[in-house]
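Read through the structure below, which is laid out as structure tokens, and then see the notes.
The values are calculated or read from the model by the stated rules, or taken from the named source; none is laboratory data. The structure presented is a predicted model; accordingly, all values stated were derived computationally and were not measured. Here Cβ is always computed from backbone atoms with ideal geometry, including for glycine, and neighbour counts include all displayed protein chains.
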Amino acid sequence: MLIGYARVSTEDQNLDLQLQALDNAHCERVFSDKKTGSRNDRPGLEDGLSHLRAGDTLIVWKLDRLGRTVKGLVDLVTELESRAINFKSLTEGIDTTSSAGRFFFHIMASLAQMERELTIERTRAGLATARKLGRIGGRRRIMTESKIESARQLLAAGRLPKDVAADLGISVPTLYRWIPAAAGYVEHR
């Protein structure tokens with residue numbers, strides 16, 4: 001069975017060109033969405049994918065109608081391949097029923113994997129450089145040494161942990177995390 005999928009990014013855009021191309025490709029069913037490709041909640045695509053069975057072919061007018069990123073496209077086509085479903089893009093002439101089409105997507109998958117690995121390498125190198133420069137990263141600590149010392153003094157003077165936390169602008173659990181002994185203070189007056 002040939003199942004088509006068409007998508008435009010906004011409600012005021014028109015699907016006619018894509019629908020005509022999918023009709024000319026003899027699609028038996030066509031599903032569509034009027035949502036941006038960067039969104040994961042595309043009911044038309046989900047419905048179309050649920051109708052595909054082994055041996056069927058998903059047809060799109062153009063690759064970018066299916067998704068915005070190479071990784072997203074590769075992941076989707078890999079899922080189709082694992083379900084023994086073929087893929088065809090009319091504009092780019094990609095057809096995974098042919099050996100050239102399968103080869104093309106294996107190249108794309110390799111490029112997407114390389115892109116992921118390079119991103120990880122660059123991130124690790126950046127973090128290592130920042131650590132060498134004395135930067136740790138992450139959120140600033142809310143409890144400074146002076147706040148910790150103030151909290152200890154207030155608790156020792158008999159203030160309730162909830163009042164100390166309120167004075168310092170922190171939560172009681174944060175106070176307990178930084179001064180575990182604060183949990184032992186009896187809350188009475």
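Six or more apart or on different chains, Cβ atoms under 9 Å: show the pairs whose first residue is in region 114-131 and touching a residue at least 40 places away in the same chain (Cβ under 8 Å) and whose second is of a type in the set (Lys, Arg).
That search, which allows pairs on different chains as well, returns Glu115/Lys71; Arg116/Lys71.
Determine which single condition Lys162 fails, assuming it passes every other condition in (1) in contact with a helix residue (DSSP H, G or I) (Cβ under 7 Å, 6 or more places away or on another chain); (2) part of a loop (DSSP other than H, G, I, E, B).
(2)
Where the second residue is surrounded by 11 or more Cβ atoms within 10 Å (Cβ to Cβ) and of a type in the set (Phe, Trp, Tyr) and the first is under 19 Å from Met1 (Cα atoms) and lies in region 76-104, which pairs have Cβ atoms under 7 Å and are six or more apart or on separate chains?
Val77/Phe87; Val77/Phe105; Leu80/Phe87; Leu90/Trp61; Ile94/Phe104; Thr96/Phe87; Thr96/Phe105
Here is a list of conditions, (1) within 27 Å of the chain's Cα centre (by Cα); (2) more than 19 Å from Leu80 (Cβ to Cβ), and Ser50 meets all of them except one; can you say which number that is?
(2)
Go through (1) out of contact with any Asp or Glu (no Cβ under 7 Å at 6 or more places or on another chain); (2) surrounded by 14 or more Cβ atoms within 10 Å (Cβ to Cβ); (3) not assigned by TED's automatic domain parsing to the domain that holds Ala6 for Leu90 and report which single condition fails.
So Leu90 meets the others, but not (3).
What about Gly72, is it out of contact with any helix residue (DSSP H, G or I) (no Cβ under 6 Å at 6 or more places or on another chain), among the small types (Gly, Ala, Ser) and either assigned to a loop (DSSP other than H, G, I, E, B) or under 17 Å from Gly4 (Cα atoms) (or both)? Before you say what the answer is, go through the steps one by one.
Values: out of contact with any helix residue (DSSP H, G or I) (no Cβ under 6 Å at 6 or more places or on another chain): yes; among the small types (Gly, Ala, Ser): yes; either assigned to a loop (DSSP other than H, G, I, E, B) or under 17 Å from Gly4 (Cα atoms) (or both): no.
It is false that Gly72 is out of contact with any helix residue (DSSP H, G or I) (no Cβ under 6 Å at 6 or more places or on another chain), among the small types (Gly, Ala, Ser) and either assigned to a loop (DSSP other than H, G, I, E, B) or under 17 Å from Gly4 (Cα atoms) (or both).
With Phe105, Phe87 as the choices, which residue is closer than 26 Å to Glu115 by Cα, part of a strand (DSSP E or B) and touching a helix residue (DSSP H, G or I) at 6+ places or on another chain (Cβ under 8 Å)?
Values: Phe105 fails: part of a strand (DSSP E or B).
Every option except Phe87 fails the conditions.
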